[in-house]
Structures are given as structure tokens and as C-alpha cells.
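Structure first, commentary second.
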């Protein structure tokens with residue numbers, strides 16, 4: 001059996017990154033993710049990797065751009081305001097088809113906001129975020145175990161599609177302690193092949209160019225349509241989700257990350273009270289698990305979307321339930337975290353005592 | 001017939017789009033010659049800026065990357081740290097290096113990052129049509145300072161070598177020009193020193209090149225050379241601002 005340890009979410013993330021064979025980290029301090037760079041500075045040193053504390057998030061994302069364009073697995077972590085600063089770089093990286101991993105430990109916003117857990121960066125994460133036509137594959141872990149596993153998944157998806165991947169979590173998941181099973185063989189960075197587009201010096205081959213611009217008439221349009229085909233492939237192949245009691249439910253809660261954990265507790269309490277409640281948890285926020293959502297909408301009357309925001313994912317739920325069901329919302333913006341009782345009250349209001 | 005002068009193998013066989021009298025082509029050629037002379041072309045990664053020389057990624061016959069405006073030093077850092085065996089140079093204009101990318105420049109210098117920055121100072125934004133640059137001289141006209149740079153409203157130019165020389169980190173800083181053959185030879189020597197510093201793992205080198213922009217300045221190529229002598233060099237004196245190889249001796 002694989003080794004099991006009780007550790008913090010942020011520390012699990014660091015071990016997940018190292019085990020994924022990544023040996024390049026660049027980042028700027030910001031709460032609530034500082035445990036990641038702090039431990040990373042020690043671990044990268046032990047693993048003969050690169051750790052760079054940068055002058056800004058702008059510099060950090062561009063260092064990633066360089067390291068990843070050179071063909072190496074590279075990652076950064078930050079929190080909402082820092083991720084906003086990175087958007088220029090993410091747009092260039094997406095426009096250059098370079099794989100990188102970016103972790104956003106979301107905090108309350110807008111502006112400086114606060115340092116409490118939030119989910120208000122959903123739009124930014126799932127609609128590109130920077131300028132131009134592009135998407136970032138977005139993974140939403142809901143446990144310390146997934147914080148450990150998702151960096152490897154993230155790098156694999158990033159490289160498969162040559163696209164930036166975001167891991168969207170929050171301070172609550174990062175600060176939480178849970179047992180983690182180290183359930184995969186660590187990747188030896190030396191075993192990773194040099195990609196056929198990597199910048200490494202043109203010895204024995206044609207020179208390579210990494211860029212996001214093309215001024216020739218019609219060429220950029222061609223590039224963007226090619227990228228559209230890639231996005232369609234991601235949408236077709238990579239929708240991930242988890243469902244609990246969704247068959248024959250009168251109401252299905254839709255929640256990701258921390259809200260999904262709270263909703264799990266709610267399912268238990270509500271079922272004990274006799275309510276037929278289910279939980280649908282998107283794991284990929286982009287691509288949104290739209291096929292399953294549409295399927296569930298055909299047989300479910302009520303959906304209750306629970307988010308730590310003013311309501312962002314609810315737009316996707318509305319879109320993919322295709323007006324078949326009634327969509328309700330329970331939100332806690334600005335750093336609030338919903339409780340199971342709060343959600344249960346909402347469910348009772350919707351179902352009006354119908355069990 | 002024996003060919004005695006041709007395109008260096010460090011340049012691609014591409015027609016360059018620079019204006020007549022522009023300094024970029026000269027500096028490109030010097031870098032290209034040095035890549036061959038130092039036998040580093042096949043392990044070099046170059047960074048093209050945003051600005052007229054964005055097309056450098058088409059012109060240099062080596063691996064190239066085109067990052068966001070001003071972020072060359074950060075992208076260079078990423079490549080160099082990920083692949084220390086590569087020789088990494090970032091080619092940047094004054095808007096790129098001394099306005100939008102000031103932070104990245106200063107911090108790469110402070111870290112003594114083992115990279116080579118080549119900074120083309122022509123005191124104007126060329127690509128966007130001649131706007132005020134961080135290096136536009138006091139009183140100098142641009143499309144956003146039509147009566148001349150007003151130091152009370154638009155402040156003073158940034159002297160990059162002097163600014164960076166205030167840091168302990170950087171290994172080598174020199175300002176040169178390309179308005180005469182003699183200065184071009186000096187520029188090549190400075191660039192060679194910068195690349196050799198990187199080959200020897202000495203650290204950060206920045207070569208600032210005073211360069212002509214007749215189109216942006218609204219004068220002829222011949223007058224542009226004179227303008228470098230009369231206006232630019234008095235404000236931006238040529239010379240070595242830091243050479244730690246001498247300090248270490």
C-alpha cells in the first residue's frame with residue numbers, strides 16, 4: 001500500500017508538484033498561499049531544481065514562459081490579485097501554445113479584498129482571463145488528496161494540449177490537514193522527453209521560434225481557428241466531475257472545491273431528514289462537464305448552485321441545463337463560507353417540506 | 001570569383017524591414033557575426049522585444065522567443081535557469097527595457113542573472129510612430145511632445161547604464177554607439193565581452209547602444225549620425241560603467 005501521511009493542503013500541493021517531475025518554480029509572496037513558495041524554496045533546493053522569488057507576479061509568469069518554452073515543467077502559485085497581474089503573460093503563453101501550471105489559491109475580491117477563501121475568480125479562470133481568444137484548462141480540487149494529485153494531471157493535460165492549466169483552490173483547502181496517500185510513482189524529470197517545439201539551441205536541427213504574433217493578413221485567423229479545434233477536442237475529451245446520489249434526486253446541488261465539501265455534509269444531513277438530494281461536483285471548470293449537466297437536467301427539476309461568490313458558475317449551470325430545470329442559488333461572496341445548515345434551510349425553502 | 005563579404009550565418013536569409021539609416025540592422029549583424037565567431041549559434045536562444053525589432057525573431061538564425069513587452073529579462077531568466085547550457089540574449093529597445101520593463105531589467109541586474117541584455121537606445125518609440133520614450137532628450141520633439149520634452153511636465157530621461165551601475169549585482173555595463181565605423185568596431189567588442197561573460201558564467205551584462213532612428217527623428221540618415229554626436233553622446237556619455245573583472249583583480 002502507498003504511504004499515507006497527515007499533511008497540510010499547501011504542503012501536499014508542493015509534494016505533488018515535485019512528484020510530477022517539475023523542477024522550476026517562480027513566484028511572488030501573497031497570502032493565503034505563502035506556505036507553497038516557502039516549502040518549495042526548501043524542496044527545490046533538495047531536488048536540485050530552480051526556485052525564484054521574483055520582483056512581481058508579472059516577472060514570475062514570464063519566467064515560467066521562458067522555462068516552459070525551453071521544454072521544462074514549470075509552475076507558479078499565487079492568489080487572486082497576483083493572478084490578475086499574470087493575465088498578460090498567460091495570454092502570451094496561451095497564444096504561443098506553451099504548457100505551464102498555475103495555481104490560484106483564491107481569496108476574497110475585488111481589489112485587495114481580503115485573505116479569506118473565495119471562488120470569485122471563476123469567470124477569470126474559465127473565460128480566458130487575459131486578452132484574446134483563449135481558454136485555460138481549469139481543475140478544481142476539493143481535498144488535500146487532490147491537491148497532491150492534480151499537479152501531475154495538470155502537467156499531463158498542459159503538455160497533451162500545449163495549453164496553460166490552472167488549479168483553482170482556496171485558502172481553506174490549503175490550510176486544511178488531511179491524510180494523503182502518495183499514490184503514484186514520482187516522475188523523474190530526466191525521463192521526460194524534450195518536446196519537439198522546445199527552445200534548446202538549434203544544434204542538428206532547424207531553428208525554432210516561440211511567438212504569439214503573426215502580422216501576415218489572415219494568418220492569425222488561421223492560427224486561432226486551429227486553436228479552436230484544440231479547444232473543441234479538450235471539451236470533447238476532458239470533462240471531469242463527481243456525482244453523489246444524482247439518480248432520482250428532487251434537487252441536485254452543484255458545487256466545486258470547498259463548497260462541494262460543505263455540500264457533501266449537507267447531502268448526508270438532508271438524506272437523513274428524508275430529502276432526495278444529490279450533489280454534482282465539476283472537477284474541470286473549463287471544460288465544464290456540460291454533457292452530464294444536460295443529461296441530469298432532463299430528469300431533475302431543481303438545481304441549487306452553491307458558490308463562494310455572487311454567482312459565477314451558475315451561468316454555466318443555466319447554459320447547460322438548457323432552461324429545462326429551475327436553477328437556485330446560494331452564495332457567500334467576499335470571503336464567506338456556507339454552512340450545511342444554511343444550505344439545508346435553502347433546500348427546505350425550495351422543496352417546501354416535500355420529501 | 002571568391003566571395004569576400006556576405007551575410008553572416010547568424011542571420012537568416014530574410015529581407016529586413018528596417019528603415020534606411022536605422023541602427024538595428026548594424027547591431028543585428030554584429031550579434032550574428034559574434035554567434036559564429038564564438039561558436040555559440042547552436043546553443044543560443046534569443047529574445048525579441050516588442051517594438052521595431054519584434055521581427056528579430058525572423059532575422060536571427062538561432063532559436064528565438066517573442067515575449068510580452070518589456071519582459072525579456074524575466075523570460076531570459078526562465079530559459080537560462082531551466083537550461084544553463086544555453087546562451088541567452090535579450091534584444092530590447094528603450095520603451096521595452098527602460099519604460100514598461102524597468103522592473104524586470106533592474107531585478108535581473110540585481111540578481112546578476114547570467115544573461116546578456118542588448119539595449120538599443122534611440123530616444124524614441126519607433127514602431128508606434130515616434131512617441132516620447134523614457135530616453136527622449138529634454139527639449140526633444142516627439143509625437144507626444146510636439147513642442148519638445150518639457151522636463152516640468154514629462155520629467156527627465158533615464159540613463160540606464162548609470163541607473164543600473166548603482167546596483168551591486170551586475171557584472172558588466174557599457175554604453176557604445178553605431179554612428180561611425182570606429183564606434184561599430186567598439187560596439188562589436190563590447191558585445192563580444194558581454195557574450196564571453198555569459199560563456200564564463202560571470203553573470204549579467206548590459207550593452208547600451210546609441211542608435212539612429214532617422215524616421216522617428218524626422219531627419220536624414222546622414223544628419224542622424226551627426227545628431228548622435230551633437231545631442232545624444234553629451235547626454236549619454238559612452239564608456240564602461242561596470243566591469244567586475246577589473247574589480248576582482
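Any residue at all in the range B:8-16 that's assigned to a loop (DSSP other than H, G, I, E, B), in contact with a strand residue (DSSP E or B) (Cβ under 8 Å, 6 or more places away or on another chain), at pLDDT 95 or above and more than 10 Å from every other protein chain (Cβ to nearest Cβ)?
Yes, there is a match, as at least one residue in the range B:8-16 is assigned to a loop (DSSP other than H, G, I, E, B), in contact with a strand residue (DSSP E or B) (Cβ under 8 Å, 6 or more places away or on another chain), at pLDDT 95 or above and more than 10 Å from every other protein chain (Cβ to nearest Cβ).
What's the number of the condition residue B:82 fails, among (1) in contact (Cβ under 8 Å) with a residue 24 or more places away in the chain; (2) in contact with a strand residue (DSSP E or B) (Cβ under 8 Å, 6 or more places away or on another chain)?
If we test residue B:82 against (1) in contact (Cβ under 8 Å) with a residue 24 or more places away in the chain; (2) in contact with a strand residue (DSSP E or B) (Cβ under 8 Å, 6 or more places away or on another chain), just (1) comes out false.
Given the options A:40, A:44, A:13, name the one that is surrounded by fewer than 22 Cβ atoms within 10 Å (Cβ to Cβ) and assigned by TED's automatic domain parsing to the domain that holds residue A:81.
Criteria check complete, one pass: A:44.
Only one of B:167, B:191 is under 21 Å from residue B:109 (Cα atoms) and buried (at least 17 other Cβ atoms within 10 Å of the Cβ); which?
B:191
Please find, within the range A:86-131, the residue that is farthest from the other protein chains (Cβ to nearest Cβ) out of those that are assigned to a helix (DSSP H, G or I) and touching a strand residue (DSSP E or B) at 6+ places or on another chain (Cβ under 8 Å).
Taking the candidates together, the pick is A:122.
Please find, among A:89, A:66, A:111, A:71, the residue that is over 19 Å from the mean Cα position of the chain (by Cα) and crowded, with 24+ Cβ neighbours inside 10 Å.
A:66
Only residues that are without any contact (Cβ under 8 Å) to a residue 24 or more places away in the chain and closer than 19 Å to residue B:118 by Cα: list them for the range B:147-180, please.
The one that is without any contact (Cβ under 8 Å) to a residue 24 or more places away in the chain and closer than 19 Å to residue B:118 by Cα: B:166.
Quick one: which of A:168, A:147 is more than 14 Å from chain B (Cβ to nearest Cβ) and part of a strand (DSSP E or B)?
So the residue among A:168, A:147 that is more than 14 Å from chain B (Cβ to nearest Cβ) and part of a strand (DSSP E or B) is A:168.
Out of A:154, A:171, A:129, report the one residue that is on the phi > 0 side of the Ramachandran plot and buried (at least 21 other Cβ atoms within 10 Å of the Cβ).
Within the list A:154, A:171, A:129, the selection yields A:129.
Checking the conditions here, which among A:94, A:116 is in the same structural domain as residue A:33 (by TED's automatic domain parsing), within 13 Å of residue A:33 (Cα to Cα) and surrounded by fewer than 24 Cβ atoms within 10 Å (Cβ to Cβ)?
Step by step, each of A:94, A:116 is checked, and only A:116 is in the same structural domain as residue A:33 (by TED's automatic domain parsing), within 13 Å of residue A:33 (Cα to Cα) and surrounded by fewer than 24 Cβ atoms within 10 Å (Cβ to Cβ).
Consider residue B:202 against the criteria (1) touching a strand residue (DSSP E or B) at 6+ places or on another chain (Cβ under 8 Å); (2) surrounded by 19 or more Cβ atoms within 10 Å (Cβ to Cβ): it satisfies all of them except one. Which criterion is unmet?
Failing condition for residue B:202: (2).
Filter the range B:67-76 down to the residues that are in contact with a strand residue (DSSP E or B) (Cβ under 7 Å, 6 or more places away or on another chain) and facing another protein chain (nearest Cβ under 7 Å), then identify the one that is farthest from residue A:88 (Cα to Cα).
So, considering only residues that are in contact with a strand residue (DSSP E or B) (Cβ under 7 Å, 6 or more places away or on another chain) and facing another protein chain (nearest Cβ under 7 Å), the one farthest from residue A:88 (Cα to Cα) is B:76.
Which numbered condition in (1) more than 14 Å from chain B (Cβ to nearest Cβ); (2) modelled with pLDDT under 95; (3) assigned to a loop (DSSP other than H, G, I, E, B) is the only one that residue A:174 fails?
Result: residue A:174 fails condition (3) only.
Residue A:81 is checked against (1) crowded, with 22+ Cβ neighbours inside 10 Å; (2) under 17 Å from the mean Cα position of the chain (by Cα); (3) closer than 26 Å to residue A:12 by Cβ and fails just one. What number does that condition carry?
(1)
Out of the range B:27-50, which residues are touching a strand residue (DSSP E or B) at 6+ places or on another chain (Cβ under 8 Å) and either within 8 Å of another protein chain (Cβ to nearest Cβ) or surrounded by 24 or more Cβ atoms within 10 Å (Cβ to Cβ) (or both)?
If the condition is that a residue be touching a strand residue (DSSP E or B) at 6+ places or on another chain (Cβ under 8 Å) and either within 8 Å of another protein chain (Cβ to nearest Cβ) or surrounded by 24 or more Cβ atoms within 10 Å (Cβ to Cβ) (or both), then B:27, B:31, B:35, B:43, B:44, B:45, B:46, B:47, B:48, B:49 are the ones that fit.
Let me confirm something: among B:111, B:71, which residue is touching a helix residue (DSSP H, G or I) at 6+ places or on another chain (Cβ under 8 Å), without any contact (Cβ under 8 Å) to a residue 60 or more places away in the chain and under 27 Å from residue B:38 (Cα atoms)?
That would be B:71, the only listed residue that is touching a helix residue (DSSP H, G or I) at 6+ places or on another chain (Cβ under 8 Å), without any contact (Cβ under 8 Å) to a residue 60 or more places away in the chain and under 27 Å from residue B:38 (Cα atoms).
Select from the range A:207-228 the residues that are at the interface with another protein chain (Cβ under 10 Å from one of its Cβ atoms), at pLDDT 95 or above and either assigned to a loop (DSSP other than H, G, I, E, B) or surrounded by fewer than 16 Cβ atoms within 10 Å (Cβ to Cβ) (or both) and list them in ascending order.
Listed by number, the residues that qualify are A:207, A:208, A:211, A:212, A:213.
The values are calculated or read from the model by the stated rules, or taken from the named source; none is laboratory data. Remember, predicted model here, so these are calculated numbers, not experimental data. Using ideal geometry, Cβ is built from the backbone for each residue, glycine included, and neighbour counts are taken over all protein chains shown.
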